[in-house]
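Below is one structure, written out as structure tokens, with a few remarks after it.
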Amino acid sequence: MMIIAVDGPAASGKGTLSKRVAHHYALAYLDTGSLYRAVARDTVIAGGDPRDEAAAVAAAEKLDPKTFEDPGLRARGVGEAASIVAAHAQVRAALLAYQRAFAAQPSGAVIDGRDIGTVICPNATVKLFVTATPEERARRRYLQLAEGSIPVTEDEVLADIRKRDERDKGREAAPLVKAEDAHLLDTTNLSIDAAFKAAIDLIDAALGRSGSAS
Ligand code: CDP
Ligand code: CDP
């Protein structure tokens, strides 16, 4: 069973890349950021504060996978609240079983997040760590938000990203860090197609196959 673990910081292009990789190898795909985003949303809807671990855990325990695709989860501010709930060890513990079960499905899976290669699937078949400079990531996220007509400047997005990187790397529970055996993929100067091709080459090499991305 093939499990591909993809980790990396905000707006590095992990989601776009993971979806294409999943399609290429006919694997299921899970964006674990949407779980933390949904917990943040549900905590606030229930009148709780994302900083309150008990309130966030209550939301995590009631999480409904049918609500992970809510377009509201991509709004500016939800990523920030998600990184606050994600720092609570008990929230992470409450989401572990769902992620492990997803990874264990017979068809195999591509899973993206922050701690997939380090905590969720330490025995993944292949691990990728996708990065890009903060400036390039801010440019990408700004364009995405502008497309959704969200009024924000590129500088504000860069400040959001730096703050979130710091919180994700600095927390005690499952911090964002490259697994020792993960392949680093710096996409700063890569188009989406070039990043996909580089990922397929890394994965095929790790699987001992030769082939080319199409
Ligand atoms: O899409 P983007 O990279 O901006 O964020 P995301 O992947 O949707 O994740 C939102 C937040 O959830 C991150 O900033 C992390 O704090 C948290 N997260 C996490 O802690 N662990 C994961 N496996 C996935 C996301
Ligand atoms: O999942 P994550 O937050 O890491 O990033 P994403 O949502 O997949 O990508 C953020 C934006 O960057 C999307 O609009 C992608 O189309 C774009 N992107 C890019 O311009 N060049 C790449 N090499 C990868 C992604």
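For the range 146-154, the criterion of a residue being closer than 23 Å to A11 by Cα, touching a Pro at 6+ places or on another chain (Cβ under 9 Å), outside any helix (DSSP H, G or I) and among the small types (G, A, S) is satisfied by at least one position.
So for the range 23-37 (the condition being of a type in the set (D, E, K, R), in a helix (DSSP H, G or I) and more than 11 Å from ligand 1 (Cβ to nearest atom)), does at least one residue qualify? For the range 23-37, residues of a type in the set (D, E, K, R), in a helix (DSSP H, G or I) and more than 11 Å from ligand 1 (Cβ to nearest atom): absent.
Every residue, every condition in (1) within 18 Å of D7 (Cα to Cα); (2) of a type outside the set (A, V, I, L, M); (3) in a helix (DSSP H, G or I), yes or no:
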| site | (1), (2), (3) |
| --- | --- |
| L158 | no, no, yes |
| E166 | yes, yes, yes |
| L185 | yes, no, no |
| T188 | yes, yes, no |
| K197 | yes, yes, yes |
| R209 | no, yes, no |
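Taking every residue in the range 85-97 that is at pLDDT 95 or above and pairing it with any residue that is among the polar types (S, T, N, Q), at least 6 positions away or on another chain, the pairs with Cβ-Cβ distances below 9 Å are V85/T43; L95/T32.
Rundown of residues vs (1) within 12 Å of ligand 2 (Cβ to nearest atom); (2) in contact (Cβ under 8 Å) with a residue 12 or more places away in the chain; (3) more than 24 Å from K169 (Cβ to Cβ), yes/no style:
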site: I4; (1), (2), (3): no, yes, no
site: A11; (1), (2), (3): yes, yes, no
site: V21; (1), (2), (3): yes, yes, yes
site: L27; (1), (2), (3): no, yes, yes
site: G47; (1), (2), (3): no, no, yes
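For the range 1-15, the tally of residues that are surrounded by fewer than 24 Cβ atoms within 10 Å (Cβ to Cβ) and more than 10 Å from ligand 1 (Cβ to nearest atom) stands at 3.
Of all the criteria given as (1) under 14 Å from the mean Cα position of the chain (by Cα); (2) of a type in the set (K, R); (3) more than 12 Å from ligand 2 (Cβ to nearest atom), the one not satisfied by R76 is (1). Looking at the structure I just gave you, is L63 out of contact with any strand residue (DSSP E or B) (no Cβ under 7 Å at 6 or more places or on another chain), in a loop (DSSP other than H, G, I, E, B) and more than 10 Å from ligand 1 (Cβ to nearest atom)? In short, yes. Residues of the range 99-132 that are within 16 Å of K169 (Cβ to Cβ) and either without any contact (Cβ under 8 Å) to a residue 12 or more places away in the chain or not in a helix (DSSP H, G or I) (or both): G113, R114, D115, F129, V130, T131, A132. Contact map, the range 134-157: residues that are surrounded by 14 or more Cβ atoms within 10 Å (Cβ to Cβ) paired with residues that are among the polar types (S, T, N, Q), Cβ distance under 7 Å, separation 6+ or inter-chain. Pairs shown: E136/T188; R137/S12.
The values are calculated or read from the model by the stated rules, or taken from the named source; none is laboratory data. What you are looking at is a predicted structure, and each value in this text was computed from that prediction instead of being measured. Cβ atoms come from the backbone with ideal geometry, glycine included; neighbour counts cover every protein chain shown.
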